[in-house]
Amino acid sequence: MSILNILRYPDPRLHKVAKPVSIFDDRIKQLAADMADTMYDAPGVGLAASQVDVHEQLVVIDTSETNTELQVFINPEIIWASEEKKVYDEGCLSVPGIYDGVERPAEVKVRAFDVDGKPFELHADGLLAVCIQHEMDHLKGKVFVEYLSPLKRNRIKTKMIKEEREEQRSKAKGR
Ligand code: ZN
């Protein structure tokens, strides 16, 4: 079990665009397993490889309350999105403690590959639809705070930088 380090907004590495996975080998399986461990440990309902500084198109999601429904999406593509939109209060492991409303299509159909390189399609609604779209944004280098107003975004940026600094300081003191 490996817990990976999660990049925190406004780390510029969160804005790198992820490349498609072309070889489905043990390295990809290990990455997916480590990302799942990291997500459950945080705890969160989704994690994109971009957030652990691996810029390849891999996402892990588990929206179940029992942490027993791990889903891995490799090279995911949205092939259909509903006209109906919904606003959901989103949060992000890279922006701890911040939750705000983002409007997205209420339902999506996704095409992706599993860890063995087998293609599959999935129709998602509710939290799963939100989560898939949120994580796929990470692969494009986009963090959910970019949907918010510049004023809110700047406030969040300042807060994150301040918290990171305070954490570094208390770590240095060995507390
Ligand atoms: Zn996120």
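Read the figures in this text as sums done on the coordinates, not as results from a lab. Quick caveat, the model's predicted, so the values are computed rather than measured. All Cβ positions, glycine included, derive from the backbone under ideal geometry; neighbour counts span all protein chains shown.
Taking 25 Å as the cut-off for C-alpha to C-alpha distance, list the pairs among K86/K140; K16/K152; K86/K159; K29/K140 that go past it. Over 25 Å apart, Cα to Cα: K86/K159. Pairwise alpha-carbon distances in segment 87-168 exceed 16 Å for 59% of all pairs. Note on segment 29-113: with charges restricted to the Cβ of Lys and Arg (+1) and Asp and Glu (-1), its dipole about the Cα centre is near 260 debye. Legend: ranking of residues F24, F113, F120 from fewest to most surrounding C-beta atoms inside 10 Å; resulting order F120, F24, F113. Net length available on complete extension from N5 to E164 is 55.9 nm, with 0.36 nm assigned per residue and the Cα-Cα distance removed. Provide, for q = 0.10 Å⁻¹, the log10 of I(q)/I(0) from a solvent-free Debye sum over equal Cα point scatterers in segment 1-142. Debye output, listed in q order: -0.29. Between the beta carbons of T68 and E121, assuming R0 = 25 Å, the FRET efficiency works out to 0.70 to the nearest 0.05.
Spacing of the modelled spin labels on K29 and H15, each 7 Å from Cα toward Cβ, amounts to 3.8 nm. Inter-part distance, segment 79-98 to segment 158-172, computed on C-alpha centroids, equals 27 Å.
Each residue, H55 and A81, gets one label point 7 Å from its Cα in the Cβ direction; the gap between the two is 2.3 nm. Max-minus-min Cα coordinates of segment 29-107 on each principal axis give 37, 30, 26 Å, with the largest extent listed first. With the highest mean first, a sort of the peptides 41-50, 80-89 on other beta-carbon atoms found within 10 angstrom per residue produces 41-50, 80-89. Only DSSP H runs of four or more residues enter the estimate; each adds -39500 (n - 2.57), and after division by the residues of the chain the mean residue ellipticity at 222 nm equals -10000 deg cm²/dmol.
In angstrom, the C-alpha Rg and Dmax of segment 99-145 are 11.9, 35.
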